[in-house]
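Peer 1: Okay, here's the structure, questions in a sec.
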């Protein structure tokens with residue numbers, strides 16, 4: 001029940017969620033997919049979440065990990081943080097607090113210290129999903145916003161179709177063959193010419 005409610009709330013906030021329910025499935029999913037963030041419970045069927053975390057770091061994965069658990073003992077928190085967790089949140093928690101902690105980890109991964117991301121006159125606020133150009137608000141669809149956020153977090157870096165699809169769709173979502181191009185086209189119409197560049201045969205990037 002908690003997992004289902006959490007998935008619905010995070011989707012409402014614009015996140016794409018893949019949900020697995022056991023330690024072996026978690027390790028398999030992480031090996032197959034490049035995730036932006038892992039929300040990890042400790043009490044998992046088939047193994048302990050702390051063991052999943054240790055195996056993850058032993059593989060060399062740097063994905064941010066936020067522990068969500070009912071275990072509030074200080075020594076458990078210390079063990080998780082020392083094993084490579086980036087944050088630790090005890091149940092029950094407020095969804096708004098979880099959303100704020102997720103934004104912190106996203107900023108840290110993108111190398112942004114402030115609460116908003118700025119690039120060439122564009123300002124993106126992950127807390128409100130607000131976007132402005134030279135101080136004037138832009139009205140983007142949720143998927144246009146998701147693409148812009150993926151690009152603006154890595155200006156100059158080329159993202160492939162698959163990487164952008166991962167930001168737009170979860171495992172259970174149907175994906176049209178030209179979905180990325182459709183949303184990119186809509187986004188480009190709202191941005192200055194040349195802001196989003198196509199690198200033929202590879203993908204797209206935000207002009208550096």
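Peer 1: From (1) in a strand (DSSP E or B); (2) more than 30 Å from residue 145 (Cβ to Cβ), pick out the condition that doesn't hold for residue 68.
Peer 2: (2)
Peer 1: Of everything in the stretch 72-100, what is part of a loop (DSSP other than H, G, I, E, B), in contact with a helix residue (DSSP H, G or I) (Cβ under 8 Å, 6 or more places away or on another chain) and modelled with pLDDT under 95? Give them in sequence order.
Peer 2: Hit for the stretch 72-100 is 91, nothing else.
Peer 1: Report yes if some residue within the stretch 127-138 is in the same structural domain as residue 41 (by TED's automatic domain parsing) and in contact with a helix residue (DSSP H, G or I) (Cβ under 6 Å, 6 or more places away or on another chain); otherwise report no.
Peer 2: No, there is no match, as no residue in the stretch 127-138 is in the same structural domain as residue 41 (by TED's automatic domain parsing) and in contact with a helix residue (DSSP H, G or I) (Cβ under 6 Å, 6 or more places away or on another chain).
Peer 1: Just for helices (runs of 4 or more DSSP H) wholly inside the stretch 105-208: which have at least 3 residues that are surrounded by fewer than 17 Cβ atoms within 10 Å (Cβ to Cβ) and free of Cβ contacts under 8 Å to residues at least 12 places away in the same chain?
Peer 2: Qualifying helices (runs of 4 or more DSSP H): 179-188.
Peer 1: Search the stretch 1-52 for residues being touching a strand residue (DSSP E or B) at 6+ places or on another chain (Cβ under 6 Å) and assigned to a helix (DSSP H, G or I), and hand back the single one that is farthest from residue 70 (Cα to Cα).
Peer 2: Residue satisfying both the conditions and the ranking: 23.
Peer 1: Determine which member of the set 14, 47 is at positive phi, surrounded by fewer than 16 Cβ atoms within 10 Å (Cβ to Cβ), modelled with pLDDT under 90 and not assigned by TED's automatic domain parsing to the domain that holds residue 144.
Peer 2: After applying the criteria, what remains is 14.
The values are calculated or read from the model by the stated rules, or taken from the named source; none is laboratory data. Remember, predicted model here, so these are calculated numbers, not experimental data. Note that each Cβ is placed from the backbone with ideal geometry, even for glycine, and that neighbours are counted across all protein chains shown.
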